[in-house]
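Structure, as structure tokens:
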């Protein structure tokens with residue numbers, strides 16, 4: 001499979017993301033359950049922009065629900081294009097469409113348009129196999145990392161230090177990474193665009209594709225990932241070059257375990273190390289969300 005691929009993101013996800021990113025919105029009035037769904041939509045928005053070169057939303061009348069946010073509409077429309085799906089003869093306002101929350105319509109659009117599909121939490125909860133439609137190499141790698149992290153969690157004697165880690169998996173790693181790099185909600189789009197424009201994401205996907213295309217490369221890559229996961233969980237590894245430092249960043253501080261060897265490795269492993277660090281620390285997304293949006297999030 002080659003990069004780039006295209007995706008369709010549902011308007012409900014964009015509405016959720018718009019609630020969080022509209023700079024004039026007062027989140028103090030938002031309920032906790034709504035914030036969880038808003039973050040799910042924001043996660044889809046980040047995924048669409050970072051992991052796909054071409055992202056689309058269906059022009060079906062429901063785009064008005066997020067285009068009411070002037071700041072978000074201007075910025076989102078610059079990167080996600082509206083697409084007409086008239087040839088499908090879909091009645092988005094029919095009783096059947098409302099009964100299944102439009103899931104059948106979006107699945108039909110995705111298959112017809114030969115694209116991946118990103119849907120909001122309200123829909124994803126009812127599409128048990130929807131993640132299979134998001135199948136680029138980086139996402140599949142993160143899914144395999146999930147399996148290893150769950151295995152490490154189940155076998156760890158220090159489970160209490162990782163409270164809630166499995167709940168973390170409802171949000172893709174790139175979302176946690178973007179949140180960790182931003183200091184305000186206005187910064188989020190800057191971080192996303194920086195990651196997209198500097199070519200890092202594309203390079204990571206390209207490097208992973210090249211490595212996993214050969215048996216020898218795939219085996220070494222798996223060992224490297226296994227090493228990273230164990231290190232993220234504080235498990236013993238056979239390495240004499242690891243030590244911890246505290247990194248100060250404007251508006252917040254983080255403490256990471258730094259392996260100097262990684263600064264002499266390819267960029268994709270350094271980037272994956274940061275993603276895994278974010279994924280392994282279950283409390284990180286809650287702290288970053290509160291720091292950026294000034295609201296507590298209890299996963």
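Each reported figure results from applying straightforward, stated rules to the coordinates on display, with no laboratory input. Since we're looking at a predicted model, the values are computed, not measured.
Where does region 6-133 land on the Kirkwood hydrodynamic radius, alpha-carbon pairs, in angstrom? Don't skip to the end; give the middle numbers.
Values: mean 1/r = 0.0676 Å⁻¹.
About 14.8 Å, per the Kirkwood formula over Cα pairs.
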Q: Grab the Cα-Cα distance for residue 214 and residue 59, subtract it from 0.36 nm times how many residues apart they are, and report the gain in nm with one decimal.
A: 51.6 nm
